[in-house]
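Trainee: For reference, the structure I am asking about is given below.
Taken together, the values in this text are just the output of simple stated rules run on the coordinates, not laboratory data. This is a predicted model, so every value here is computed, not measured. A quick note on method: Cβ atoms are made from the backbone with ideal geometry, for glycine too, and the neighbour counts reach across all protein chains shown.
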């Protein structure tokens, strides 16, 4: 049996929607993503209506919704954005009769577990496929910093979403010490997310250059860093990659990982920079555990909309692809 549904991936900056078809426990088809800026809409209902207008017809009555917040909370406010979600009112508000809600990084976990190997780029460690059994850690910088893991065994898998991006930042050298001191003065608590997320590049630049970046918009700062046309921005990007590597290594050790996957809103934008940066060295630089971490295959999800695909895959895994 096939089920038509709406897949949604709601993050701190963008809300993405797509029509999907699932069946036989897998994703059969995922339509083109429709992307909105969350700041332009008062809430989910308004964004949902905009998607319906884009489609130009009635939406399916089944939905799977991935949100950037701990989904076990009641009446939550989404992380890094002002929308609130009340699951009790969703069916009537959206006109749906069946739905599944999950954490956005749980959706990424389902994508990592089910996407074909061709959708992964090699970043560091041995160039081998992701293991069929064991633990795969996932880290994903975007508007925030997502962390999760996939446990595989006997052809099955389980996804665990976490709030690991809020772990304390761990300095590794003198520059990191300067970053920690500056960010502690500004924010008091310095989580890893303060150094490894889209907005973090601005703070890193300010500490390294000892001046605020001459870009009003973070997108312009990131573009200058990625293109290498601003030396201070490029240095900030390298420091970002180092901090991401250190954090990824910590997560891999904490999870007892057999592999690591990089995802998140910045994932594909970093695909050319991570392999050439100090990311891999920092990931493995854990003293007596270096030899273990050097053996981890590190991949980057190259699928263009892993959150939407993973949300649809989660529904298929939960219901076998059979809706109401």
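Trainee: Please work out whether segment 171-276 counts as rounded, prolate or oblate from its C-alpha gyration tensor, where a ≥ b ≥ c are the square roots of the eigenvalues and a/c under 1.5 means rounded, while otherwise a/b larger than b/c means prolate and anything else oblate?
Mentor: oblate
Trainee: Using the 10 angstrom Cβ neighbour count as an exposure proxy, how do 315, 67, 105 rank, fewest first?
Mentor: The most exposed by this proxy come first: 67, 315, 105.
Trainee: Among 2, 286, what is the fewest-to-most ranking by other Cβ atoms within 10 Å?
Mentor: Listing 2, 286 from fewest to most nearby Cβ atoms yields 2, 286.
Trainee: Right, something else. What relative contact order, as a whole-number percentage, does segment 164-301 give when Cα pairs under 8 Å and 6 or more residues apart are counted?
Mentor: Values: 164 pairs, mean separation 26.8, N = 138.
After rounding, I find 19 percent.
Trainee: Contact order normalised by length for segment 241-283, with contacts defined as Cα pairs under 8 Å and 6 or more residues apart; what percent is it? The partial results should precede the final answer.
Mentor: Details: 30 pairs, mean separation 31.0, N = 43.
Here the relative contact order equals 72 percent.
Trainee: Also: For the chain, find the longest principal axis of its Cα atoms and tell me its angle to the long axis of helix 306-319, 0 to 90°, nearest 10.
Mentor: Approximately 50 degrees, to the nearest ten.
Trainee: Sticking with this one: In a GNM of the chain with a 10 Å cut-off on Cα contacts, which of 87, 281, 210 has the highest mean-square fluctuation?
Mentor: Comparing 87, 281, 210 in the GNM, the peak value goes to 210.
Trainee: Stretch residue 209-residue 185 to full length: gain in nm at 0.36 nm per residue minus the Cα-Cα span? Spell out each step's value before the answer.
Mentor: Numbers: separation 24, 0.36 × 24 = 8.64 nm, distance 1.74 nm.
Value of the extension gain: 6.9 nm.
Trainee: Rg and Dmax of the chain, using alpha carbons, in Å: what are they?
Mentor: Radius of gyration, then largest Cα-Cα span, for the chain: 19.7, 60 Å.
Trainee: With an 8 Å cut-off on Cα pairs and a minimum separation of 6 or more residues, tell me the relative contact order of segment 150-222 in percent. Walk me through the intermediate numbers first.
Mentor: On the way: 61 pairs, mean separation 16.2, N = 73.
Computed value for segment 150-222: 22 percent relative contact order.
Trainee: When N is the residue count of segment 116-216, what does its C-alpha Rg come to as a fraction of 2.2 N^0.38 Å?
Mentor: In units of the globular-protein estimate, segment 116-216 measures up at 1.36.
Trainee: Out of all DSSP beta bridges with both ends in the chain, state the antiparallel percent to the nearest 5. Can you show the working numbers first?
Mentor: Numbers: 38 of 56 bridges.
Percentage antiparallel, nearest 5: 70.
Trainee: Could you list 83, 153 in order of exposure, starting from the residue whose Cβ has the fewest other Cβ atoms within 10 Å?
Mentor: Placing the least packed residue first, the sequence is 153, 83.
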